[in-house]
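Worksheet: one structure, shown below.
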Amino acid sequence: MKRFRTAVIGMGRMGKMRYADAMAHGGFELVAACDADAERLAGCKNAYADWRECIDETSPDAVFVCTFNAAIPEIVSYALSKNISVFSEKPPGRSVDDVLMMKRALDNSSARLKFGFNHRLHNSVMEAKALVGSGLLGEVLCARGVYGKAGAPGFESEWRNDKSISGGGILLDQGIHMLDLLYYFMGEFKSVKSRVDVLGWKGISAEDNAFAILETKDGKTASLHSSATQWKHRFNLELILEDGCITLDGLITSTNSYGEETMAYYRRDLNAKTGRLGRPAEHVLCFTEDSSFKLELQEFYDMLVNDREPETGTIEQAEHLMRVIEDVYGTL
Amino acid sequence: MLKSYDFFELSDVSSGIRDKSIFEEETRIIKELAEGFPENAEPEACPACGCAENAEFFRIWGRAYYRCNSCKTVFMNPDLESLIQLNSDKRLISFRKSERYQSDAETRRSLLWDDLIFWLKYRFYRYLGRCEGLSLTDFGSRFDALSERLIKSGICQNYETRETLIRKKSGTEPIAEADAILYFDHIQKYKNPAAKLEKLRNGLKDGGLLFLSLRTGTGFDVLTMKGSITNLLPYEHVTLLSIAGVNAVLERAGYEALEITTPGVMDVKYLMDNTDKIPDNQDFIKFMLESGDKTALSELQRFLQKNQLSSYAQIVARKRGAPN
């Protein structure tokens with residue numbers, strides 16, 4: 001198995017996970033880890049406090065960038081300028097300008113870049129995508145997405161709610177995943193109507209609720225609610241198609257707080273075969289495990305081995321998502 | 001692993017999947033044949049996992065069913081000659097091919113078959129990336145109308161039935177290696193299910209799919225009713241694999257299990273229709289069936305489906321390299 005010399009920059013929760021998964025994979029030789037907080041580097045081989053030194057001294061083939069949003073563009077662009085391939089956590093920076101900076105670096109590099117939009121690789125999403133792709137339920141007409149969490153003690157002082165570091169609030173932090181899924185199922189959005197607000201977490205500079213109505217280029221509509229006041233965590237995506245509907249509800253996550261991950265589908269039944277119009281037969285798939293992070297890692301590895309573009313988390317997808325988000329924020 | 005279930009309210013399955021008198025006649029024919037077969041020897045090992053520890057679990061028509069202590073598969077140990085005799089019996093074959101038998105199934109199972117074909121198309125697309133123009137071999141097909149529907153569904157470019165009463169074929173060339181094999185309600189007839197499935201590999205493309213459906217030995221009705229059950233017929237139902245048994249058989253035969261689900265809809269209804277036959281020591285189940293309202297009992301069926309406790313299993317597996 002070909003092995004790629006790899007460094008992990010940013011050893012918070014996601015960085016630690018990527019480090020462990022990369023080590024277990026077998027195709028990545030972990031040559032360094034970097035974090036400004038030395039305590040996070042305990043047990044890591046070749047620890048660095050400065051990311052530039054880490055990259056310059058170890059010359060890895062690939063890096064995982066798992067830092068604050070504000071730091072992502074500079075680190076990603078620098079690595080690409082050294083022809084080092086990059087896996088970067090989402091969001092892809094804080095703004096469209098950040099994405100364009102990374103795009104310019106990628107255009108001038110022989111290396112590859114992938115962003116971590118793992119939700120596309122959750123089992124329920126893959127099943128839904130297959131059902132939509134089969135055409136058995138016709139075309140997608142519209143969609144509704146709700147993704148929300150409750151926050152946590154000390155939420156107000158988290159870096160994620162400091163716009164100068166994060167670039168935005170719950171929409172950029174978590175809602176971006178739901179936005180990516182709506183994009184995945186419906187295609188590019190051409191216009192947005194929105195409202196963002198601080199409803200529950202007073203004192204934070206970024207939004208704790210974002211509401212958006214999105215329209216695609218071919219006139220289809222999606223709605224999105226991203227929330228940090230969802231006191232009972234919720235992941236729910238409903239796709240209405242010409243001949244049925246699909247509901248994704250719940251998600252298997254590390255916190256086990258989003259409920260059982262299910263995908264239910266219903267076929268349009270105006271003849272009321274069940275005896276009740278409006279209550280068609282319900283078919284449910286539920287899942288007992290999630291491999292989305294491992295599948296994502298495998299995709300990154302395959303990308304490196306075959307020297308090809310990623311299928312998910314491309315710079316083009318990242319740019320579109322950030323444009324939509326800035327549209328939602330009204331900053332365009 | 002994927003678990004799936006379909007929610008049906010009890011009233012949706014009130015008509016049942018077969019006419020009572022037809023089933024009684026079929027049972028009578030099989031029982032008359034079975035009474036003429038020699039006594040069965042005690043089994044040496046579980047046909048699913050090979051474990052030698054098994055014990056008699058119940059008897060039907062005086063014929064013993066055993067249960068594996070390891071994987072919980074329930075099985076009998078008939079002699080091969082008797083099985084061949086049953087499956088080639090002219091009276092039974094004629095009855096099953098009769099207009100009455102076939103049309104009753106078509107009428108009662110129409111919605112189920114419609115759902116089955118939709119599900120097949122979906123799973124073909126999920127695992128093969130397409131649901132049209134496939135080559136399918138269908139083993140043990142019993143219903144002419146279902147085969148016709150499969151041919152007309154657009155799924156197959158080539159379709160052939162094998163080991164069956166119903167001879168159906170579409171397409172111009174014989175199928176040497178199929179994209180998928182359908183093996184519905186067939187594997188339970190055999191003493192050595194792993195050997196049967198291993199033999200199928202030659203007729204399946206690399207990475208091709210195997211679709212199985214079967215009665216399980218760990219289903220609600222079998223474990224509750226045991227020897228009182230009326231829809232389990234010796235020599236017709238030889239090996240009732242447990243879910244663990246299914247995994248063992250697939251592993252031995254050289255397949256990767258992609259999904260194992262128990263989407264059966266009849267378990268609760270069957271027990272409700274046969275409360276007088278539920279063994280006396282099943283007080284809780286009797287009480288639950290007598291006192292539960294329609295919603296509660298529908299939820300019970302959903303619980304059984306979701307937790308692989310229904311007596312009907314559907315499996316999708318993929319052919320691996322050389323078998324273990």
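The values are calculated or read from the model by the stated rules, or taken from the named source; none is laboratory data. Quick caveat: nothing in here was measured; it's all calculated off a predicted structure. We place every Cβ from the backbone using ideal geometry, glycine too, and count neighbours over all the protein chains shown.
So, in region B:201-230, how many residues would count as being out of contact with any helix residue (DSSP H, G or I) (no Cβ under 9 Å at 6 or more places or on another chain) and charged (D, E, K, R)? It would help to see each step written out before you state the result.
So in region B:201-230, the residues out of contact with any helix residue (DSSP H, G or I) (no Cβ under 9 Å at 6 or more places or on another chain) come out as B:202-206, B:222-223, B:226-227.
Those still in the list that are charged (D, E, K, R) too: B:205-206, B:226.
Qualifying residue count for the region: 3.
Among the candidates A:Ala38, A:Ala42, A:Ala7, which residue alone is at pLDDT 95 or above and either in contact with a Phe, Trp or Tyr (Cβ under 6 Å, 6 or more places away or on another chain) or of a type outside the set (S, T, N, Q) (or both)? If you could, list the steps in order and put the result at the bottom.
Working: A:Ala38 fails: at pLDDT 95 or above; A:Ala42 fails: at pLDDT 95 or above.
Testing whether each residue is at pLDDT 95 or above and either in contact with a Phe, Trp or Tyr (Cβ under 6 Å, 6 or more places away or on another chain) or of a type outside the set (S, T, N, Q) (or both) leaves just A:Ala7.
Could you list, in sequence order, all residues of region A:117-156 that are in contact (Cβ under 8 Å) with a residue 24 or more places away in the chain and either among the basic types (Lys, Arg) or assigned to a loop (DSSP other than H, G, I, E, B) (or both)?
Kept after step one, since they are in contact (Cβ under 8 Å) with a residue 24 or more places away in the chain, are these residues of region A:117-156: A:117-125, A:127-129, A:131-132, A:136-151, A:155-156.
Passing the criteria: A:Phe117, A:Arg120, A:His122, A:Lys129, A:Leu136, A:Leu137, A:Gly138, A:Glu139, A:Arg144, A:Lys149, A:Ala150, A:Gly151.
Looking at A:Pro73, A:Pro60, which one is surrounded by 15 or more Cβ atoms within 10 Å (Cβ to Cβ), assigned to a loop (DSSP other than H, G, I, E, B) and not acidic (Asp, Glu)? Working first, answer last.
Values: A:Pro73 fails: assigned to a loop (DSSP other than H, G, I, E, B).
That would be A:Pro60, the only listed residue that is surrounded by 15 or more Cβ atoms within 10 Å (Cβ to Cβ), assigned to a loop (DSSP other than H, G, I, E, B) and not acidic (Asp, Glu).
May I ask you to say which residue of A:Ala33, A:Ala24 is in a strand (DSSP E or B) and not acidic (Asp, Glu)? If you could, list the steps in order and put the result at the bottom.
Working: A:Ala24 fails: in a strand (DSSP E or B).
None of the others qualify; the one that does is A:Ala33.
List pairs: first in region B:107-124 and within 8 Å of chain A (Cβ to nearest Cβ), second small (Gly, Ala, Ser) and assigned to a helix (DSSP H, G or I), Cβ under 9 Å, 6+ apart or cross-chain?
B:Lys121/A:Ser134; B:Tyr122/A:Ala130; B:Tyr122/A:Ser134
Name the single residue, out of those in region B:309-324 being at pLDDT 90 or above and either among the aliphatic types (A, V, I, L, M) or part of a loop (DSSP other than H, G, I, E, B) (or both), that is farthest from A:Phe287 (Cα to Cα).
Only one residue fits best here, namely B:Arg320.
Tell me yes or no: at least one residue of region A:236-245 is within 30 Å of A:Gly168 (Cβ to Cβ), at the interface with chain B (Cβ under 10 Å from one of its Cβ atoms) and of a type in the set (A, V, I, L, M, F, W, C). Steps first, answer last, please.
Start the filter on region A:236-245 by keeping residues that are within 30 Å of A:Gly168 (Cβ to Cβ), which leaves A:236-240.
Among the residues that remain, those that are also at the interface with chain B (Cβ under 10 Å from one of its Cβ atoms) are: none.
Within region A:236-245, not a single residue is within 30 Å of A:Gly168 (Cβ to Cβ), at the interface with chain B (Cβ under 10 Å from one of its Cβ atoms) and of a type in the set (A, V, I, L, M, F, W, C).
Can you tell me which residue in region A:138-147 is nearest to the other protein chains (Cβ to nearest Cβ), limited to those that are of a type in the set (Gly, Ala, Ser) and touching a helix residue (DSSP H, G or I) at 6+ places or on another chain (Cβ under 8 Å)?
Our first condition is that a residue be of a type in the set (Gly, Ala, Ser); within region A:138-147, this holds for A:138, A:143, A:145.
Applying the additional criterion that residues be touching a helix residue (DSSP H, G or I) at 6+ places or on another chain (Cβ under 8 Å) yields A:143, A:145.
Values: A:Ala143: 20, A:Gly145: 23 Å.
Among residues in region A:138-147 that are of a type in the set (Gly, Ala, Ser) and touching a helix residue (DSSP H, G or I) at 6+ places or on another chain (Cβ under 8 Å), the one nearest to the other protein chains (Cβ to nearest Cβ) is A:Ala143.
Just wondering, is there one or more residues in region B:270-291 that are within 14 Å of another protein chain (Cβ to nearest Cβ), within 23 Å of the chain's Cα centre (by Cα) and surrounded by fewer than 20 Cβ atoms within 10 Å (Cβ to Cβ)?
No; the residues of region B:270-291 include none that is within 14 Å of another protein chain (Cβ to nearest Cβ), within 23 Å of the chain's Cα centre (by Cα) and surrounded by fewer than 20 Cβ atoms within 10 Å (Cβ to Cβ).
Within region A:119-137, restricting attention to residues that are surrounded by fewer than 23 Cβ atoms within 10 Å (Cβ to Cβ) and away from chain B (no Cβ under 13 Å), which residue is nearest to A:Gly175 (Cα to Cα)?
In this case the residue turns out to be A:Arg120.
Please go through region B:166-181 and pick out each residue that is of a type in the set (Val, Ile, Thr) and closer than 19 Å to B:Arg123 by Cα. Please lay out each step first, then the result.
Taking region B:166-181 and keeping what is of a type in the set (Val, Ile, Thr), we get B:166, B:172, B:175, B:181.
B:Ile181, the sole residue that qualifies.
When A:Ser257 is evaluated against the numbered criteria (1) farther than 28 Å from A:Gly133 by Cα; (2) surrounded by 15 or more Cβ atoms within 10 Å (Cβ to Cβ); (3) not charged (D, E, K, R), which criterion, by number, is the only one it fails?
(2)
In region A:279-313, what residues are within 14 Å of chain B (Cβ to nearest Cβ) and under 21 Å from A:Glu260 (Cα atoms)?
Listed by number, the residues that qualify are A:Ala281, A:Glu282, A:His283, A:Val284, A:Leu285, A:Cys286, A:Phe287, A:Thr288, A:Glu289, A:Asp290, A:Ser291.
Of everything in region A:165-193, what is surrounded by fewer than 24 Cβ atoms within 10 Å (Cβ to Cβ), free of Cβ contacts under 8 Å to residues at least 60 places away in the same chain and part of a loop (DSSP other than H, G, I, E, B)? Give them in sequence order.
The one that is surrounded by fewer than 24 Cβ atoms within 10 Å (Cβ to Cβ), free of Cβ contacts under 8 Å to residues at least 60 places away in the same chain and part of a loop (DSSP other than H, G, I, E, B): A:Gly187.
Give the residues of region A:265-278 that are closer than 19 Å to A:Gly133 by Cβ and more than 9 Å from chain B (Cβ to nearest Cβ), sorted by residue number. Working first, answer last.
We begin by selecting, within region A:265-278, every residue closer than 19 Å to A:Gly133 by Cβ; these are A:265-268.
Of everything in region A:265-278, those that are closer than 19 Å to A:Gly133 by Cβ and more than 9 Å from chain B (Cβ to nearest Cβ) turn out to be A:Tyr266, A:Arg268.
Residue pairs, Cβ under 7 Å, 6 or more apart or interchain, first in region A:230-242 and closer than 18 Å to A:Ser134 by Cα, second among the polar types (S, T, N, Q) and surrounded by fewer than 17 Cβ atoms within 10 Å (Cβ to Cβ). List them.
none
Within region B:15-36, is there a residue that is within 14 Å of chain A (Cβ to nearest Cβ) and modelled with pLDDT under 95?
Yes, region B:15-36 has at least one match.
Looking only at residues in region B:28-42 that are acidic (Asp, Glu) and surrounded by fewer than 12 Cβ atoms within 10 Å (Cβ to Cβ), which one is farthest from B:Ser88 (Cα to Cα)?
Filtering region B:28-42 down to residues acidic (Asp, Glu) leaves B:32, B:35, B:39, B:42.
Keeping just the survivors that are surrounded by fewer than 12 Cβ atoms within 10 Å (Cβ to Cβ) gives B:35, B:39, B:42.
Numbers: B:Glu35: 16, B:Glu39: 20, B:Glu42: 25 Å.
My answer is B:Glu42.
Go through region A:296-313 residue by residue and tally those that are under 15 Å from the mean Cα position of the chain (by Cα) and surrounded by fewer than 17 Cβ atoms within 10 Å (Cβ to Cβ).
Going through region A:296-313 one residue at a time, the tally reaches 1.
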